[in-house]
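Heads up: the structure comes next, in C-alpha cells.
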Amino acid sequence: MDLFDGIETNKLEISNEAFLLKGYALANEVALLKDLTQVLSQAPLRHMVTKNGFAISAAMTNCGALGWVSDRQGYRYDSKDPITDNHWPLMPESFQQLAISSAENAGFVGFQPDACLINQYQVGTSMGLHQDKNELDFNQPIVSVSLGIPAVFKFCGLTRTDKTLKIPLAHGDVVVWGGQSRLNFHAIAPLKMNTHPILGAYRYNLTFRKAG
Ligand code: SIN
Ligand code: FE2
C-alpha cells in the first residue's frame, strides 16, 4: 500500500484527513525551544486532576487566549491560569506559525488556533485513549507537535474498539487530524527510557486547537 502523499514524501496520510508531517517542526527548532522555555517560566507545568480526583500523569500547562484545564469540576477551557490567576502566556509567534502552516500543509486552510496545551511526559508516562471534544467547532483540526524523547502515538477510529494504528513520533514530528478524523480516539503509549540532547528524558507535546 502506498501510504505516501507522492508530492512530499515526509507527509504520510495515516487516516482520512489525518497526516503525519515527519520532522516538520525541525526547521524552526531553535525558536520553538526558546519560546517553550519562556512559556514554561510564566505558566509552570502542573499535574491536574480529573473530576474523579485522579491526577493526570502528564504535567500540563497552556499558552494562548484559552487554556485547557481539568479539576474536580471537570474539563474546560479557561482564559486564566488557576494557579496564578493571570491570563495564560501569549501564544508565541513561532508556535502560531508552526500550527497554521502544519494545518495548511494537511489541507486545513485558515486554522486560527487560540489554545495551545503543553504536555510534559516523563519516562513511563502515558495518556489513555480519548477524543478531543471540549472545543466548540469540530470543523477545526488538531495540530500536535512532538518534542524531546520519542513516543508511540496510537490513532484509533470513532469508537474505542476500531483498529488502532501505532505511529512512532520523534522530536519535530507533527500530526494533524481533522475532518472525518477529528473525533478519532487517540492515546500515547508509556514512554520508553531515552534522552534527548536538549530536553533530557522528557517528551513535550504541543497541542494546538481552536477552542472558543
Ligand atoms: C493528547 O492527545 O492530548 C496528547 C497527544 C500527544 O501527547 O501526542
Ligand atoms: Fe488528545
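Annotations
- Counted as qualifying within segment 31-131 are the strands (runs of 3 or more DSSP E) with 1 or more residues that are over 22 Å from Phe153 (Cβ atoms) and of a type in the set (Gly, Ala, Ser), namely 67-71, 74-78.
- The set of residues in segment 168-183 being open to solvent by 10 Å² or more (accessible area, probe 1.4 Å) and within 13 Å of ligand 1 (Cβ to nearest atom) consists of Pro168, Ala170, His171, Leu183.
- All positions within segment 174-212 that are within 12 Å of ligand 2 (Cβ to nearest atom) and of a type in the set (Val, Ile, Thr): Val175, Ile188, Thr207
- Scope segment 188-205; condition among the aliphatic types (A, V, I, L, M) and touching a Ser or Thr at 6+ places or on another chain (Cβ under 7 Å); matching residues: Ile188, Ala189, Leu191, Ala201
- Residue in segment 155-166 that is within 13 Å of ligand 2 (Cβ to nearest atom) and either open to solvent by 50 Å² or more (accessible area, probe 1.4 Å) or assigned to a strand (DSSP E or B) (or both) present: yes
- Those residues of segment 128-154 which are in contact with a His (Cβ under 8 Å, 6 or more places away or on another chain), surrounded by fewer than 18 Cβ atoms within 10 Å (Cβ to Cβ) and closer than 20 Å to Ala201 by Cα, in sequence order: Pro150
- Hits in segment 51-86 - residues which are open to solvent by less than 70 Å² (accessible area, probe 1.4 Å) and either on the phi > 0 side of the Ramachandran plot or touching a Lys or Arg at 6+ places or on another chain (Cβ under 7 Å) (or both): Gly53, Ala59, Met60, Thr61, Gly64, Val69, Gly74
The values are calculated or read from the model by the stated rules, or taken from the named source; none is laboratory data. Worth saying up front: this structure is predicted, and the values here are computed from it rather than measured. So basically every Cβ, Gly included, is an ideal-geometry build from the backbone, and we count neighbours across all protein chains shown. Only protein heavy atoms, including side chains, enter the accessible area calculation; ligands, DNA and RNA are left aside. Shrake-Rupley method; radii C 1.70, N 1.55, O 1.52, S 1.80 Å.
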